[in-house]
Amino acid sequence: MPDNVTGGIAWADAYAKAVAIVAEMTIEEKVNLTIGVNGPCSGNLYGVPRLGIPVLCLEDGPAGPRPVHGISQYPAGLMTAATWDRELMYSRGRAMGKEFYDQGIHIALAPVAGGPLGRSPLGGRNWEGWFPDPYATGMASYLTVKGIQDSGVAAVAKHFIGYEQETDRNGYQVTSSSSDSALVNQLPISSNIDDETTHELYLWSFAEAVRAGTSHVMCSYNEVNQTHACNNAYTLNHLLKGELNFQGAVISDWGGQHNNIESVYGGLDVSMPGSGSGGVLGDFWGNGALVDDVRNGSVPEYMLDQMVYRLLMPYYHLGQNETELPEVIFNANTGTYDAPDRTRNVRQPTTPALIRTIGNSGLTLLKNTGGLPLSLGADSRVAVVGTDATDNSVGPDGCGTVYTSCPSGNINGTLSLGGGSGYAYAPYIVTPLDAIQARAVQDGFEVAQILRDSDVETTFEELLPISDATIVFVSRFSEESEDIPNLSLDHDGDALVAAAVNQSSNVIVVMHTTGVVDIEAWADHENVTAIVSAFLPGMETGNGLVDVLFGDVTPSGKLPFTWGKSIDDYPPHTIVSDPVPAPQANFTEGVFIDYRWFDKHDITPRYEFGFGLSYTTFGYSDLVLDNTFKADAFAIQQTAEPFEGYNGTNSLYDVLFTVNVTIKNTGDYTGSEVAQLYASIPGDDQPVRVLRGFDKVKNLAPGEYGTATFDVRRKDVSIWSVERGLWYVPTDAITISVGASSRNLLLTTTWTSS
Ligand code: NOJ
C-alpha cells in the first residue's frame, strides 16, 4: 500500500495540523469524517464538534452552486471552453468559488476535469466539461480549480476516470431505485482503456487539476477495466495517488461505492452520500462497519488516519478552520432533510458582466455570407423565430425551478444550460428576445415575433418577406443520466430552418446546444447567411448574443470540438448499451477521438476543431522558436509522473521551448484571435497532430499587431511508453504548426530534442 501522504509541496503545514488533530480523535470521530450523513447539503460530513471541526458541506456543481437559490447561473464549461480565454476560465472559477463560499459550502463538486472528456458526441454530460482534448481540458481544469480555491473553497476534480457515457453508468445498487438498466443485477459499464490511452488522453487533465492543487477528486460510477472506479487500486492508488502524487481525498460519486473493506484498500477516502439519504445509495462503511473493520484489524488504523489526513489537509490549507463559513440556510435535500430551503443572495455586482463577456467571447461564428453583423435602422424589421428565443410559454419556472421540471426535456424556453447536477438555478434569464427588444427600443427597428417551432408556414409567408433579417433559434438539450440518441436538433429544428429559408433570403441561425448537432440539411443553403453556435451561455444569454449580432463585439469564439457532418464521422460504438450483466465499453479507438480521429481517417468535418470566424481578418507571420529552458513555475502541487531524463530536480512540466508568432488585425473591426499550436510527434500510431498550445490575442484594433506566445513543456512533446512505463521525448524531429484552427495551419517549423 502506498504510504504517500505528506502534504506535498503545498500542504506541508496543513499536513502537520492534520496529523496533530487526528492524533486526538477516537476511531468513531475519524470515521465520521469519511462517511456522509444527513444534512442540508448534497453531501454532509458530521465533523468533530469536540475538536472544533464543523459539519462540512459538499455541494454541486460545475456551473454554480446547486440546488441553491441566490446564486448566478454561469455559462457551461463548454461555452467557456469556446472562449479559449485563460483569464475568463480563471475568473469564472474565482467568481463561482466565492458564491460557494458565501453560501457556506466547504467543498464544491466541480470542475468536470476530463470525465467525461467527450469521447462520444452523444455523451449526455460533455457540456459540463470542456474540450475532447487533454491539453485544452487540462488548462481549463487547472484554471478553474485555481479560481475556485483562490476563493477559499475546496475543488473536486471529477469524475475519475474513463467516465464517458451515462448509459448504464450505475449498476444494480443505484438502478434498483431508478431502473436505468435492463437487468436488476447489472454492473456499471466498464470502460476498458489501454495504458497509453489512459496516460495520453484520460489522465492528462486530472494531472493538471492536481498541479493546480485540487483538494479532492471524485471517483466515477463506471468500472475501469472491470474494476469499480471507486475501489480501483490501480487507478486510485497507483495512478492518482502514486503517479500524480495526489494528496487530497478520493470522494465517491453518489452511490459509486460498492463494498466495504475493498474500497479502503482500493483507494477510496470518503463515501458519499454514505449514511445520508437514508443510506439508500449504499452505506457500506456506515452503521459502525468501518469502525468495526478498524477495531478487528481488517483495516489498519494508519489507513484510516491517512483517509482523514487527505480530507483535512485542504480544510487547513484553505484556512477553513480559521474563518467560519456562513451558515448553510439552503436545503438541497427537500424530503430527506427536515429544514426549510431559504434564499440568501450572494451574487456580486460584477458577475453579470463576467457572464455576459463569456457569452459574447465564446459565441462561435460558423458561417457568414453577409448576414452579420446586423445593421438595423429605424425603418427595419427583424423576425425572431423559435421557442429557443424566449421563455417557456408558462415562464422559465412555470413547471418548478428544477430545469427539467416541464414534462419532457427541452421545453423550458431558451436553453441556457444543460440538465442534471451540472445545472444551476438562474436568478433571472435575459432571453435573446429580451435583449433584441431592448436593442429595438434603442435603435427603433421593429421586432416580429414568431415564437413557435411548428405550424409556422402561414405566419412566415406573411412576415418574413417583409423583414430585413430572420433570426431562427434552434436548440438541443442533454442532461446527466442519459446520453442523446442522435445528433438531431430538438423540436424538429431542421424543419423550422427549412420553412424560414423558403420565405427569407437572410436567415441567421442561432443554436443553443450541448454539443455537435447535424446541420447538413441547411448549412449550405444560400439563404442561410450566418450560423452562430451560442452553446449554453447562462443567465445573460441574450445580452452576450446581442453584443455579437449587432457588432458591438466581434466574434472570437472557436469550436471546442469537431463539428462533424454525421454521427458516422466519429469513432463507432462509443455509447454502449448492452442488456448483459456486465456491459463493456472497449475504447478501441485509443487516443483517436474527435479531431485526432478525423485527421487519422481523413474525414472532412463540417467545421474543424478550433474553427471560428470573425468580422475581421488576421494575418500570421514571423514564427520564432526560442530554446530557452524555463523551469516549471505552475506546480502548486507536483506530480510524480515518471519521465526519461529525470535528474532529481527537473520536471515533466519544464518549458523546453517557446514559440512566438506575430498576429496582425488585417480587417476593419477590432477583434481577438485564438492562435493554436499543434505538434506532430513522431512515433508508432501517433495522431497526425495534437493541440499543445493556445493563446488568445485580445482586442487588436484594425492594423494593430500582437504576439501569440506558446510555452511548450516537456510533457507536451512526450509520448507514453507502455514498454517502460514512462514519458519520453522522441529523438526524431517534431513538427510544430501554428494556425487559426486544427486545419488552418499557417506557420510551421520543427524542433528536435538535444
Ligand atoms: C452524481 C453526479 O454524477 C455528480 O457529478 C454529482 O456531483 C453527484 N451526483 C452529487 O449530486
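The values are calculated or read from the model by the stated rules, or taken from the named source; none is laboratory data. Because the structure is a prediction, the values reported are computed rather than measured. Backbone-built Cβ (ideal geometry, glycine too); neighbour counts: all protein chains shown.
Listing for the model above:
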| read-out | value |
| --- | --- |
| Residue in segment 182-203 that is modelled with the highest pLDDT, counting only those that are small (Gly, Ala, Ser) and more than 16 Å from the ligand (Cβ to nearest atom) | Ser190 |
| Test set (1) modelled with pLDDT of 95 or more; (2) in contact with an Asp or Glu (Cβ under 7 Å, 6 or more places away or on another chain); (3) more than 23 Å from Thr351 (Cβ to Cβ) - Asp468 fails condition number | (2) |
| Residue ID - surrounded by the fewest Cβ atoms within 10 Å (Cβ to Cβ), chosen from residues in segment 53-68 that are touching a helix residue (DSSP H, G or I) at 6+ places or on another chain (Cβ under 9 Å) and in a loop (DSSP other than H, G, I, E, B) | Val55 |
| Total residues in segment 608-641, condition surrounded by 15 or more Cβ atoms within 10 Å (Cβ to Cβ), more than 27 Å from the chain's Cα centre (by Cα) and either at pLDDT below 95 or part of a loop (DSSP other than H, G, I, E, B) (or both) | 3 |
| Hey, Leu281 modelled with pLDDT under 95 and within 16 Å of the ligand (Cβ to nearest atom) or not | yes |
| Filter result for Gly104 (on the phi > 0 side of the Ramachandran plot and part of a loop (DSSP other than H, G, I, E, B)) | yes |
| Failed item in (1) away from the ligand (no atom under 13 Å from the Cβ); (2) free of Cβ contacts under 8 Å to residues at least 60 places away in the same chain, with Pro116 passing the rest | (1) |
| Residue satisfying all of: in segment 84-113; aliphatic (A, V, I, L, M) and within 16 Å of the ligand (Cβ to nearest atom); farthest from the chain's Cα centre (by Cα) among these | Ile105 |
| Search result, residues across segment 57-78 that are within 16 Å of the ligand (Cβ to nearest atom) and within 17 Å of Pro326 (Cβ to Cβ) | Cys57, Leu58, Glu59, Gly64, Pro65, Val68, Ile71 |
| Qualifying residue in segment 262-275 (condition: away from the ligand (no atom under 15 Å from the Cβ) and under 22 Å from the mean Cα position of the chain (by Cα)) | no |
| Answer from Val591, Val580 - the residue that is modelled with pLDDT under 95 and not in a strand (DSSP E or B) | Val580 |
| Boolean, Thr562 is surrounded by fewer than 23 Cβ atoms within 10 Å (Cβ to Cβ) and either closer than 15 Å to Thr513 by Cβ or of a type in the set (Ser, Thr, Tyr) (or both) | no |
| Lone unmet requirement of (1) at pLDDT 95 or above; (2) more than 16 Å from the ligand (Cβ to nearest atom) for Phe206 | (2) |
| Selection within segment 109-130 - hydrophobic (A, V, I, L, M, F, W, C) and not in a loop (DSSP other than H, G, I, E, B) | Val112, Trp127 |
| Which listed residue, of Ala81, Ala157, is within 21 Å of Glu480 (Cβ to Cβ) and within 16 Å of the ligand (Cβ to nearest atom) | Ala157 |
| Residues located in segment 22-46, provided they are away from the ligand (no atom under 16 Å from the Cβ) and surrounded by 19 or more Cβ atoms within 10 Å (Cβ to Cβ) | Val22, Met25, Glu29, Lys30, Val31, Asn32, Leu33, Thr34, Tyr46 |
| Selection count where residues are at pLDDT below 95 and either assigned to a helix (DSSP H, G or I) or surrounded by 18 or more Cβ atoms within 10 Å (Cβ to Cβ) (or both), scope segment 425-448 | 3 |
| Sole residue being assigned to a loop (DSSP other than H, G, I, E, B), closer than 18 Å to Ala110 by Cβ, touching a residue at least 40 places away in the same chain (Cβ under 8 Å) and not polar (S, T, N, Q), chosen from Ile9, Ile71 | Ile71 |
| Test: residue in segment 131-152 that is more than 23 Å from Gln638 (Cβ to Cβ), touching a Ser or Thr at 6+ places or on another chain (Cβ under 6 Å), part of a loop (DSSP other than H, G, I, E, B) and not polar (S, T, N, Q) | yes |
| Residues being buried (at least 24 other Cβ atoms within 10 Å of the Cβ) and away from the ligand (no atom under 16 Å from the Cβ) - total across segment 119-133 | 6 |
